[in-house]
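The values are calculated or read from the model by the stated rules, or taken from the named source; none is laboratory data. Treat the numbers as computed from the prediction; the structure is a model and nothing was measured. Ideal geometry is used to build each Cβ from the backbone, glycine not excepted, and the neighbour counts take in all protein chains shown. What goes into the accessible areas is simple: the full protein's heavy atoms, side chains included, and nothing from ligands, DNA or RNA. Shrake-Rupley method; radii C 1.70, N 1.55, O 1.52, S 1.80 Å.
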Amino acid sequence: MTQSAAAQKPPATPRRLDPEDAQTALAEVQERLRRQQLVADLVHRQEEGDAKATLVEDLVHRQHEAELKTLLDGLHPADIAFILESLPKDERQAIWKLVSPEHDADVLLEVEDWVRESLIEAMDRQDLVAATGNMDADELADLAPDLPPDVVAEVQKGLTEEERAQLLEAMGYPEDSVGAIMDFEMVRVREDVTLEVVLRYLRRLHELPDHTDQIFVVDRQDKLQGILPLSRLLVSEPETEVRAVMNSDFLALNPLDSDADAAGAFERYDLVSAPVMDDQGRLIGRVTIADVVDVMREDSQEQALSRAGLQEEDIFAPVSTALRNRAPWLLLNLCTAATASFVASQFEGTVSQIVILAFLMSIVAGIGGNSGNQTMTLIIRALAMGRITGRNLWQLVKRELFVTLLVGLCGSLVAALFAWVISHSLSIALVMMAAMICNMLVGASVGVLVPMVRARFGKDPAMGSSVLLTFATDSLGFFIFLGLATFFLL
């Protein structure tokens, strides 16, 4: 008895999500590179010109390359990108040469910008044209700033008029806008056709664009009339016209909208995709959840780096590059620390008479900094989500100060008890308590004002915020604590 084709198929072997898979592959790559280097070092110790040793090295080198290539061919492009980002530049270039050409385009799109530049430098013109020749217009627009102009010009020759217009349009939008991340692949239908016609049209397509959860209904001028969810298409009667079941109430984005605002809309309304319309109401593209996830990840990384006064850089970048990135804010931090030390030095007489103050004043400064960091984190996040306006700003400031006061009262009681235990002085304990509350209020005020002022002038509210906060809480914390001690204890 002949089995059906479906019965003859091997059972499916789903790939389980395991974050350690890429790390395991990275460890294997590093181990093979280490062995390869070990063999090279051993050969070099042999007498120069030893033909047998050179032959052995060549054979081992080829064997390791074959093993590495086999390993890389079995990985997802995102995992290959992770490995490349985790290797020093020399090893990165060696591994990049072993990546299959069919994965080049996907890997270039997956890697971080600071790695992509070095990978493109290692490719010749022919390989670059081959890798980018089959990219969609929106993907090519992402890579265009990093590609040599002659490569972009060569790839453009292979595009259709429509694709070339889409590429130029995508490249013309600001970097952090919806237009820069939108996708041009989407399904459009007219409102006067039946669902049966729509289904026949979908069956003729090679495949649906990624993350297609809805079909866009347009007129003959490509003006968006509504959206038809696939779920509604599948459960409705085939003879029903599109206009009868489409949604006329939908969220649409403008290409000049901020990509962060688009990400907020996707999060708020649980969207999978959203249409992008120009000022005339024409459908020009769509944004998908995949694009939004990338925006959220990049914004999160930039915010974490900005708070420390850093910019994105290759972790294996030359020392000179790292110095240019890190030195300015570290030097500023040095100046702020020197200022705090200068403030403390002005109370040398007080500290020399009551030595215990030298051990307690670091607590005042540290708690004030931690309190300010909590407030600053909340404010920066609220700014990123667009939740702070001119109407609620003062209410927010009052709330943060009140919360900080309550927390300060509780915490200062513990600090005062500690100060009394080690000094056996009620006066020192009370000064400790008052200084701690005051410095926590200073930290909360700075935590609100620094991000708000920077945002008001169009600057990144997180950039260097922690350095400025530390300056305020250290300098004023020392001044408040030692000032109160001088006034009440001497």
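I'd like the full set of residues that are in a loop (DSSP other than H, G, I, E, B), under 30 Å from residue 384 (Cβ atoms) and touching a helix residue (DSSP H, G or I) at 6+ places or on another chain (Cβ under 7 Å), limited to the stretch 167-209.
First, pick out the residues of the stretch 167-209 that are in a loop (DSSP other than H, G, I, E, B): 172-176, 182, 184-187, 190-193, 205-209.
Filter once more, keeping what is under 30 Å from residue 384 (Cβ atoms): 172-176, 182, 184-186, 209.
Scanning the stretch 167-209 gives 173, 174, 176, 182, 184.
Restricting the stretch 142-166 to residues that are of a type in the set (A, V, I, L, M) and part of a helix (DSSP H, G or I), which is farthest from residue 123 (Cα to Cα)? Outline the logic, then answer.
The initial filter retains those residues of the stretch 142-166 that are of a type in the set (A, V, I, L, M), namely 143-144, 147, 151-153, 155, 159, 165.
Next, from what is left, pick out any that are part of a helix (DSSP H, G or I): 143-144, 151-153, 155, 165.
Working: 143: 14, 144: 15, 151: 11, 152: 14, 153: 17, 155: 15, 165: 27 Å.
Restricting to residues being of a type in the set (A, V, I, L, M) and part of a helix (DSSP H, G or I), the top hit is 165.
Return the residues of the stretch 451-478 that are within 21 Å of the chain's Cα centre (by Cα) and not in a helix (DSSP H, G or I); say none if nothing qualifies.
If we filter the stretch 451-478 for residues that are within 21 Å of the chain's Cα centre (by Cα), which is where we start, we get 451, 454-455, 458-466.
Listed by number, the residues that qualify are 458, 459, 460, 461, 462, 463, 464.
Kindly evaluate residue 401 against the criterion of being free of Cβ contacts under 8 Å to residues at least 60 places away in the same chain, aliphatic (A, V, I, L, M), open to solvent by 50 Å² or more (accessible area, probe 1.4 Å) and within 18 Å of residue 481 (Cα to Cα). Before the answer, list the steps.
Numbers: free of Cβ contacts under 8 Å to residues at least 60 places away in the same chain: yes; aliphatic (A, V, I, L, M): yes; open to solvent by 50 Å² or more (accessible area, probe 1.4 Å): yes; within 18 Å of residue 481 (Cα to Cα): no.
The answer is no for residue 401.
List the residue pairs whose Cβ atoms are under 8 Å apart, where the first residue sits in the stretch 365-377 and is in the same structural domain as residue 438 (by the TED database), the second is part of a helix (DSSP H, G or I) and open to solvent by 50 Å² or more (accessible area, probe 1.4 Å), and the two are 6 or more positions apart or on different chains.
Once the first residue is in the same structural domain as residue 438 (by the TED database) and sits in the stretch 365-377, its partners that are part of a helix (DSSP H, G or I) and open to solvent by 50 Å² or more (accessible area, probe 1.4 Å) give 368/476; 369/470; 371/407.
Taking the condition of a type outside the set (Phe, Trp, Tyr), in contact with a helix residue (DSSP H, G or I) (Cβ under 8 Å, 6 or more places away or on another chain) and not in a helix (DSSP H, G or I), does residue 249 pass? Break it down into steps so the answer makes sense when it comes.
Numbers: of a type outside the set (Phe, Trp, Tyr): yes; in contact with a helix residue (DSSP H, G or I) (Cβ under 8 Å, 6 or more places away or on another chain): no; not in a helix (DSSP H, G or I): yes.
No: the conditions fail for residue 249.
Before we move on, is residue 245 β-branched (Val, Ile, Thr), assigned by the TED database to the domain that holds residue 279, open to solvent by 30 Å² or more (accessible area, probe 1.4 Å) and on the phi < 0 side of the Ramachandran plot?
No, not satisfied.
Would you confirm whether any residue within the stretch 372-388 is in contact with a helix residue (DSSP H, G or I) (Cβ under 7 Å, 6 or more places away or on another chain), open to solvent by 30 Å² or more (accessible area, probe 1.4 Å), at pLDDT below 90 and over 30 Å from residue 263 (Cα atoms)?
Among the residues of the stretch 372-388, not one is in contact with a helix residue (DSSP H, G or I) (Cβ under 7 Å, 6 or more places away or on another chain), open to solvent by 30 Å² or more (accessible area, probe 1.4 Å), at pLDDT below 90 and over 30 Å from residue 263 (Cα atoms), which makes the answer no.
Pairs, please: C-beta under 9 Å, at least 6 apart or cross-chain, first residue in contact (Cβ under 8 Å) with a residue 12 or more places away in the chain and in the stretch 139-154, second among the aromatic types (Phe, Trp, Tyr) and open to solvent by less than 60 Å² (accessible area, probe 1.4 Å)?
Partner pairs satisfying both residue conditions: 141/173.
Here is a list: 228, 208, 159. Which entry is over 20 Å from residue 266 (Cβ atoms) and among the aliphatic types (A, V, I, L, M)? Outline the logic, then answer.
Details: 228 fails: over 20 Å from residue 266 (Cβ atoms); 208 fails: over 20 Å from residue 266 (Cβ atoms).
Answer to the check: 159.
Checking the structure you have, find out if any residue of the stretch 110-117 is part of a helix (DSSP H, G or I), at pLDDT 90 or above and not polar (S, T, N, Q). So that I can check it myself, show each step before the final result.
Filtering the stretch 110-117 for residues part of a helix (DSSP H, G or I) gives 110, 113-117.
Those left that are additionally at pLDDT 90 or above: none.
No, there is no match, as no residue in the stretch 110-117 is part of a helix (DSSP H, G or I), at pLDDT 90 or above and not polar (S, T, N, Q).
Out of the stretch 71-103, which residues are over 20 Å from residue 290 (Cβ atoms) and either of a type in the set (D, E, K, R) or not assigned by the TED database to the domain that holds residue 142 (or both)? Break it down stepwise before answering.
So the first thing to find is which residues in the stretch 71-103 are over 20 Å from residue 290 (Cβ atoms), and the list is 71-74, 83-84, 86-102.
Of everything in the stretch 71-103, those that are over 20 Å from residue 290 (Cβ atoms) and either of a type in the set (D, E, K, R) or not assigned by the TED database to the domain that holds residue 142 (or both) turn out to be 73, 89, 90, 91, 92, 97, 102.
If a residue must be among the β-branched types (Val, Ile, Thr) and under 30 Å from residue 300 (Cα atoms), how many such residues does the stretch 331-384 contain? Talk me through it step by step, then tell me what you get.
Residues of the stretch 331-384 among the β-branched types (Val, Ile, Thr): 336, 339, 343, 350-351, 354-356, 363-364, 367, 375, 377, 379-380.
Filter once more, keeping what is under 30 Å from residue 300 (Cα atoms): 336, 367, 375, 377, 379-380.
Residues that pass the stated criteria total 6.
If residue 158 satisfies every condition in (1) out of contact with any Phe, Trp or Tyr (no Cβ under 6 Å at 6 or more places or on another chain); (2) buried (at least 18 other Cβ atoms within 10 Å of the Cβ) but one, which is the exception?
Result: residue 158 passes all but (2).
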